[in-house]
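Read the structure below first, then the notes.
Any read-out appearing in this document is the output of simple, stated calculations on the displayed coordinates, not a laboratory observation. Note that the coordinates shown come from a computational prediction; the quantities given were computed from them, not determined experimentally. Positions of Cβ are backbone-derived with ideal geometry, glycine not excepted, and every protein chain shown enters the neighbour counts.
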Amino acid sequence: MMSKEVAKKGIDLLFKMYDENKEKAYINHHTHGIILDLIGGEPFMNIEVMDFIIEYFIQ
């Protein structure tokens, strides 16, 4: 199971990549926003961390 600390680092990296706006980054800057998509069944096995990820992302 992913810890909250690892999840927080992942969200931080996502926003860092967006802010850096590098040409070969995996971020689509044409959307002018970031979409967080939790897919698969695995996220629902760790509801506490999933809730944390969503709340942290929104902040």
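Across the stretch 11-47, the qualifying residues are those that are in contact (Cβ under 8 Å) with a residue 12 or more places away in the chain and assigned to a helix (DSSP H, G or I), and the one among them that is surrounded by the most Cβ atoms within 10 Å (Cβ to Cβ) is Ile11. Residues of the stretch 14-25 that are under 18 Å from Phe57 (Cα atoms) and not hydrophobic (A, V, I, L, M, F, W, C): Lys16, Tyr18, Asp19, Glu20.
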